[in-house]
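Trainee: The structure is given below, and queries will be raised subsequently.
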Amino acid sequence: MSEQVRVDEVLASLLALCHPLEPFDMPLLDAHGATLSEDIYAGERLVMKAGSRIRSTQIGLAASIGLDHLPTRPHPRVVVISAGPDLVEPGETLSADEEYETNSWLLTTAVREVGAVAYRVHSIPENEDQLQAVIEDQLVRADLIILSGERHDDSFDLITRTISKMGEVTSVEVAIESGGRHNYGQIGPDKVPVITLPGDPVSAYISFELLVRPMIRT
């Protein structure tokens, strides 16, 4: 049985899995929307603070003090995967016991709103072999992998069995209303962080805001 754990305890474990990406200089227009990695000074006057989002006003300010590049933190690359035999892509016809795949659409756009690069996997794996193949194919471009399934627990068990074979994974029940079970850990040879969210879209979004958003912003 999964252990019930407070949100702050789970979040602390998740943040421990994350490592800040190495900063690098980006041309001004490419830096738009990125995060500033260093304080910027005009002479001795601080004009931009590290950690701030680079917007049009910062681009204009940088140009006005003669900068053509800005030091930035790269956008994390987040892969979003949904899995389960009863999931159907929107636009297709539902059969009995099937449901439209919702979470990957919801979570991909939520990831982009945080400022990360989001990749939605378009195929929906239905068994362990398919899911493992999809995950292994995505590891090369992922700084974080988010998985979710159907509203019932069968798909969660499918995901849990699969990622447990690929690395070190912990299963917990988060102590929030309708929070459900979650997995987190590191998988693959490069120990890519992974988190599994509940299949219910509302619960998945709440978990994203409480747990995943801080991971991306780390």
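Every number here is computed from the coordinates shown, using simple stated rules; none is lab data. Predicted, not measured: the structure shown is a model, and the values here were computed from it. Note: ideal-geometry Cβ built from the backbone for every residue, glycine included; neighbour counts use all protein chains shown.
Trainee: Is there a quick way to get the dipole size of region 32-123? I mean about its Cα centre, with the Cβ of Lys and Arg at +1 and of Asp and Glu at -1; what is the value in debye to the nearest 20?
Mentor: Approximately 780 debye in magnitude.
Trainee: Please report the relative contact order for the chain, taking Cα pairs under 8 Å with a sequence separation of at least 6, and give it as a percent rounded to a whole number. Don't jump to the answer; show the numbers that get you there.
Mentor: Working: 405 pairs, mean separation 50.5, N = 218.
In percent, rounded to a whole number, it is 23.
Trainee: Let me ask you something else. How long are the semi-axes of the equivalent ellipsoid of the chain, defined as square roots of 5 times the Cα gyration tensor eigenvalues? Whole Å, largest first.
Mentor: After scaling each eigenvalue by five and taking roots: 36, 18, 16 Å.
Trainee: On a 0 to 90° scale, report how tilted helix 128-138 is relative to the longest principal axis of the chain, with both axes built from alpha carbons and the result rounded to the nearest 10.
Mentor: 10
Trainee: Further question: Please work out the C-alpha center-to-center distance from region 156-180 to region 9-77 and express it in whole Å.
Mentor: After rounding, the separation between the Cα centres reads 34 Å.
Trainee: Here is a follow-up. For region 24-73, what is the relative contact order in percent, using Cα pairs closer than 8 Å and at least 6 residues apart in sequence?
Mentor: 53
Trainee: Projected onto the charge dipole of the chain (+1 at Lys/Arg Cβ, -1 at Asp/Glu Cβ, origin at the Cα centre), which of Gly149, Leu11, Thr57 gives the Cα projection farthest towards the positive end?
Mentor: Working it through, the farthest residue towards the positive pole turns out to be Thr57.
Trainee: Choose one of Pro189, Gly115, Ser203: the residue whose Cα lies farthest towards the positive end of the charge dipole of the chain (beta-carbon charges +1 Lys, Arg; -1 Asp, Glu; about the Cα centre).
Mentor: Value: Gly115.
Trainee: Can I ask one more? If you place +1 on the Cβ of every Lys and Arg, -1 on the Cβ of every Asp and Glu, and leave all else neutral, what size is the dipole of the chain about its Cα centre, to the nearest 20 Debye?
Mentor: Values: 17 positive and 34 negative charges, 232 e Å.
It comes to approximately 1120 debye.
Trainee: Could you tell me what % of all Cα pairs in region 24-73 have separations over 14 Å?
Mentor: Values: 477 of 1225 pairs.
Considering region 24-73, 39 percent of its Cα-Cα pairs are separated by more than 14 Å.
Trainee: As a test of the formula, what do you get for the chain when each DSSP H run with n ≥ 4 contributes -39,500 (n - 2.57) and the sum is divided by the residue count, at 222 nm and rounded to the nearest 500 deg cm²/dmol?
Mentor: Computed mean residue ellipticity for the chain: -9000 deg cm²/dmol.
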